[in-house]
Amino acid sequence: MTMKRSHTLYRNKAERIKNEALLNREAEFARQHKDDSDEALLQYIRDCAEKLGHIPKKHEVIGFTYLKSRFGPWPRVLEKAGLKELKKKSAYALDMASTSK
């Protein structure tokens, strides 16, 4: 086996282990928080933002897949947590919507 092939196999195995660990962590979060109220989960996201010092990206939050299943796409999760303003439709989009009726 060549050195390059060996390195590729090692890297692929490391990625699989990392992905499996992430999936396990996400599943554990879902099990532990399935009965939490929406407000408790939204507070968790706000706490993550405070610890990070910025609005978190989904990969920075343990449990993001469960949170997305409860609240929708990540931008909506952040909006519901009060970390991001509601996306407003542009004047063009509003105009197009009104003229299509």
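Here are the numbers:
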| quantity | calculated |
| --- | --- |
| Per-region count, the range 15-57, residues in contact with a Pro (Cβ under 9 Å, 6 or more places away or on another chain) and not small (Gly, Ala, Ser) | 2 |
| Qualifying positions in the range 48-59 - in a helix (DSSP H, G or I) and exposed (fewer than 13 other Cβ atoms within 10 Å of the Cβ) | Glu50, Lys51, Leu52, His59 |
| Single residue of Leu83, Leu41, Leu67 found to be part of a loop (DSSP other than H, G, I, E, B), modelled with pLDDT of 85 or more and either touching a Lys or Arg at 6+ places or on another chain (Cβ under 9 Å) or loosely packed, with under 10 Cβ neighbours inside 10 Å (or both) | Leu83 |
| Close pairs (7 angstrom Cβ cut-off, 6 or more residues apart or separate chains): surrounded by 10 or more Cβ atoms within 10 Å (Cβ to Cβ) in the range 1-26, in a helix (DSSP H, G or I) and at pLDDT 80 or above anywhere | Glu26/Thr65; Glu26/Tyr66 |
| Residue in the range 13-30 that is at pLDDT below 95, among the polar types (S, T, N, Q) and farther than 23 Å from Pro75 by Cβ present | yes |
| Tally, over the range 43-76, of residues that are farther than 16 Å from His33 by Cα and under 12 Å from the mean Cα position of the chain (by Cα) | 11 |
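The values are calculated or read from the model by the stated rules, or taken from the named source; none is laboratory data. Model, not experiment: these values are computed from the prediction. All Cβ positions, glycine included, derive from the backbone under ideal geometry; neighbour counts span all protein chains shown.
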